[in-house]
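*Asks:* The following block contains the structure, expressed as structure tokens.
The values are calculated or read from the model by the stated rules, or taken from the named source; none is laboratory data. No experiment lies behind these values; they were computed from the predicted model shown. Positions of Cβ are generated from backbone atoms using ideal geometry, with glycine treated the same way; all protein chains shown enter the neighbour counts. Please note that ligands, DNA and RNA were not included when accessible areas were found on the heavy atoms of the full protein model with its side chains. Shrake-Rupley method; radii C 1.70, N 1.55, O 1.52, S 1.80 Å.
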Amino acid sequence: MEKIIDIRSDTVTKPSPGMREAIADAEVGDDVFEGDPTVQKLEAVVAELFAKEAALYVPSGTMGNQVCLKAQSSPGDEIILDTESHIANYEVGAAAVVSGLQMRMIDCPGGLMSPERVAQVIRVDNIHCPKSRIICLENTHNRHGGVVMPLERMRAIAEVARANDLLVHLDGARIWNASAATGIPLADYAATADSLQCCLSKGLGAPIGSMVVGSRQFIKRARRARKMFGGGMRQVGILAAAGLYALEYNLPRVGEDHQKALAFAERVRRIDGVVLRPDPPPTNIVVIDLAGAGKTPGDVLAALEQAGVWMVPFGATLIRAVAHLDVSKDEMLDAAEVLARVIEA
Ligand SMILES: *Cc1c(COP(=O)(O)O)cnc(C)c1O
């Protein structure tokens with residue numbers, strides 16, 4: 001059987017032999033008692049990487065975001081976030097359910113939240129109004145095709161937050177990609193945020209896990225929230241070992257995924273009627289608009305699957321492909337050829 005080219009997401013990677021060895025060799029203890037040396041090492045390494053006081057290992061990016069929101073708010077507070085953000089679209093309404101937060105969604109053209117617009121929607125101090133509490137940023141931006149939010153923009157929004165006594169949360173599931181694309185250190189991005197969540201299971205190839213970073217006091221509250229959400233894990237050093245391996249061996253390779261996405265995009269762009277959103281792809285995500293090609297995502301994805309290429313639907317006329325550790329540039333080029341054949345058939 002033909003090899004399947006799975007470019008649905010950068011989460012589909014499988015642990016490499018080296019990573020599996022690190023997992024097998026991990027020293028472990030009970031992490032709920034703060035007794036797992038491998039988890040503690042991972043948390044220390046990540047805190048230093050982002051130049052924050054402390055870090056916390058959590059099972060998923062969704063739990064990472066929700067732990068941050070829970071630890072920084074009270075029920076009835078309002079969070080300000082992009083209409084297209086992951087927190088608003090793909091976390092099952094958790095902020096409303098588990099933290100009682102009201103989501104104030106604002107349109108952010110091109111995935112770039114504007115400090116002026118944020119300032120407009122911050123609530124006045126009035127008995128009728130919810131309290132504006134947290135501004136949520138996302139970098140890189142998933143639904144906007146892996147767009148990198150410029151550091152200057154983040155700093156401007158952080159200034160608005162500080163001036164109004166609000167906090168900034170950064171959903172940095174793919175902050176690795178932002179840093180690889182710009183050369184800006186992770187710590188500079190982190191400095192704009194009071195809380196940050198990043199995924200070891202996306203571009204870095206770990207099988208599971210995200211990190212929350214921030215001040216020591218914040219991480220103490222986040223640890224309680226994680227326990228409340230059922231995310232206190234025991235001998236979880238076997239997974240943290242994969243995270244440490246991912247940071248050492250796979251973080252330096254993240255930029256290669258951007259090159260693969262570019263090569264793929266160059267071929268896809270020449271397909272009749274197809275438009276990339278945005279074009280060129282800024283990082284490892286390629287969003288393909290089929291509207292002008294007269295094909296539906298459902299038909300195209302079904303034909304792709306028949307030919308051994310897996311992508312995902314991403315809106316009424318959109319499909320998405322993501323470059324990752326386990327796909328080569330040649331495979332991305334093959335996938336682009338298959339897509340051309342399917343659309344031009
Ligand atoms: C994937 C993702 C998350 C959530 O991560 P999970 O581990 O899938 O829960 C959060 N934010 C963004 C922007 C993501 O792409």
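*Asks:* Looking at (1) on the phi > 0 side of the Ramachandran plot; (2) more than 17 Å from the chain's Cα centre (by Cα), which is the only condition Gly209 fails?
*Replies:* (2)
*Asks:* Here is a further query. Mind checking which pairs have a first residue in segment 72-93 that is under 21 Å from Lys131 (Cα atoms) and a second that is more than 14 Å from the ligand (Cβ to nearest atom) and among the acidic types (Asp, Glu), Cβ under 9 Å, 6 or more apart or different chains?
*Replies:* That search, which allows pairs on different chains as well, returns Gln72/Asp194; Asp82/Asp107; Thr83/Asp107.
*Asks:* Considering only residues that are surrounded by 15 or more Cβ atoms within 10 Å (Cβ to Cβ) and in contact with a helix residue (DSSP H, G or I) (Cβ under 7 Å, 6 or more places away or on another chain), which ones fall in segment 21-47?
*Replies:* Listed by number, the residues that qualify are Ala22, Ile23, Ala26, Val28, Gly29, Asp31, Asp36, Thr38, Val39, Lys41, Leu42, Val45.
*Asks:* Right, Leu251: touching a residue at least 12 places away in the same chain (Cβ under 8 Å) and open to solvent by 10 Å² or more (accessible area, probe 1.4 Å) or not? Steps first, answer last, please.
*Replies:* Details: touching a residue at least 12 places away in the same chain (Cβ under 8 Å): yes; open to solvent by 10 Å² or more (accessible area, probe 1.4 Å): yes.
Yes; evaluated as a whole, the condition is true for this residue.
*Asks:* Yes or no: Ala240 in contact (Cβ under 8 Å) with a residue 40 or more places away in the chain, open to solvent by less than 10 Å² (accessible area, probe 1.4 Å) and either outside the structural domain of Leu196 (by TED's automatic domain parsing) or over 19 Å from Thr11 (Cβ atoms) (or both)? Explain how you work it out, then say what you get.
*Replies:* Details: in contact (Cβ under 8 Å) with a residue 40 or more places away in the chain: yes; open to solvent by less than 10 Å² (accessible area, probe 1.4 Å): yes; either outside the structural domain of Leu196 (by TED's automatic domain parsing) or over 19 Å from Thr11 (Cβ atoms) (or both): no.
No: the conditions fail for Ala240.
*Asks:* From the residues in segment 1-20 that are closer than 28 Å to Lys227 by Cα and surrounded by fewer than 20 Cβ atoms within 10 Å (Cβ to Cβ), which one is farthest from the chain's Cα centre (by Cα)?
*Replies:* Arg20
*Asks:* Gly298 - would you say it is at positive phi and either more than 24 Å from the chain's Cα centre (by Cα) or open to solvent by less than 10 Å² (accessible area, probe 1.4 Å) (or both)?
*Replies:* No.
*Asks:* For Asp10, only one of the following conditions fails: (1) more than 16 Å from the ligand (Cβ to nearest atom); (2) touching a Leu at 6+ places or on another chain (Cβ under 8 Å); (3) charged (D, E, K, R). What is its number?
*Replies:* (1)
*Asks:* Just a yes or no: is a residue in segment 149-160 within 14 Å of the ligand (Cβ to nearest atom) and not basic (Lys, Arg)?
*Replies:* Here is the first cut: in segment 149-160, the residues within 14 Å of the ligand (Cβ to nearest atom) are 149.
Next, from what is left, pick out any that are not basic (Lys, Arg): 149.
Looking through segment 149-160, at least one residue is within 14 Å of the ligand (Cβ to nearest atom) and not basic (Lys, Arg).
*Asks:* Additional query: In segment 88-116, how many residues are within 11 Å of the ligand (Cβ to nearest atom) and either open to solvent by less than 50 Å² (accessible area, probe 1.4 Å) or not in a helix (DSSP H, G or I) (or both)? First the steps, then the outcome.
*Replies:* Taking segment 88-116 as the starting set, the residues that turn out to be within 11 Å of the ligand (Cβ to nearest atom) are 88-92, 94, 111.
Narrowing further to those that are either open to solvent by less than 50 Å² (accessible area, probe 1.4 Å) or not in a helix (DSSP H, G or I) (or both): 88, 90-92, 94, 111.
Within segment 88-116, residues that are within 11 Å of the ligand (Cβ to nearest atom) and either open to solvent by less than 50 Å² (accessible area, probe 1.4 Å) or not in a helix (DSSP H, G or I) (or both) number 6.
*Asks:* I need the full set of residues from segment 53-78 which are over 22 Å from Val39 (Cα atoms) and within 14 Å of the ligand (Cβ to nearest atom), in order please.
*Replies:* Residue satisfying the conditions is Leu69 alone.
*Asks:* Looking only at segment 145-192, count every residue that is within 17 Å of Ser215 (Cβ to Cβ) and of a type in the set (S, T, N, Q) and tell me the total.
*Replies:* The qualifying residues number 1.
*Asks:* In segment 249-290, how many are part of a loop (DSSP other than H, G, I, E, B) and not β-branched (Val, Ile, Thr)? Even if it seems obvious, please write down each step before you answer.
*Replies:* Taking segment 249-290 first, the residues part of a loop (DSSP other than H, G, I, E, B) are 269-274, 277-284, 290.
Going one step further and asking which of them are not β-branched (Val, Ile, Thr), we end up with 269-270, 272-273, 277-282, 284, 290.
Of the residues in that region, 12 qualify.
*Asks:* Now, a different point. Taking helices (runs of 4 or more DSSP H) that fall entirely within segment 15-87, which contain at least 3 residues that are over 21 Å from Glu248 (Cβ atoms)? Lay out the reasoning, then the answer.
*Replies:* Numbers: elements: 17-25, 37-49, 61-71.
Output list reads 61-71.
*Asks:* Anything in segment 168-216 that is more than 13 Å from the ligand (Cβ to nearest atom), aliphatic (A, V, I, L, M), surrounded by 24 or more Cβ atoms within 10 Å (Cβ to Cβ) and assigned to a loop (DSSP other than H, G, I, E, B)? List them, or say none.
*Replies:* Passing the criteria: only Ala193.
*Asks:* Sticking with this one: Considering only residues of segment 290-314 that are in contact (Cβ under 8 Å) with a residue 24 or more places away in the chain and either in contact with a Pro (Cβ under 8 Å, 6 or more places away or on another chain) or among the acidic types (Asp, Glu) (or both), which is farthest from Asp257 (Cα to Cα)? Spell out how you get there, then give the answer.
*Replies:* First, the residues of segment 290-314 that are in contact (Cβ under 8 Å) with a residue 24 or more places away in the chain: 290-291, 293, 295, 300, 303-304, 307-312, 314.
Those left that are additionally either in contact with a Pro (Cβ under 8 Å, 6 or more places away or on another chain) or among the acidic types (Asp, Glu) (or both): 290, 314.
Details: Leu290: 23, Phe314: 20 Å.
Top of the filtered list is Leu290.
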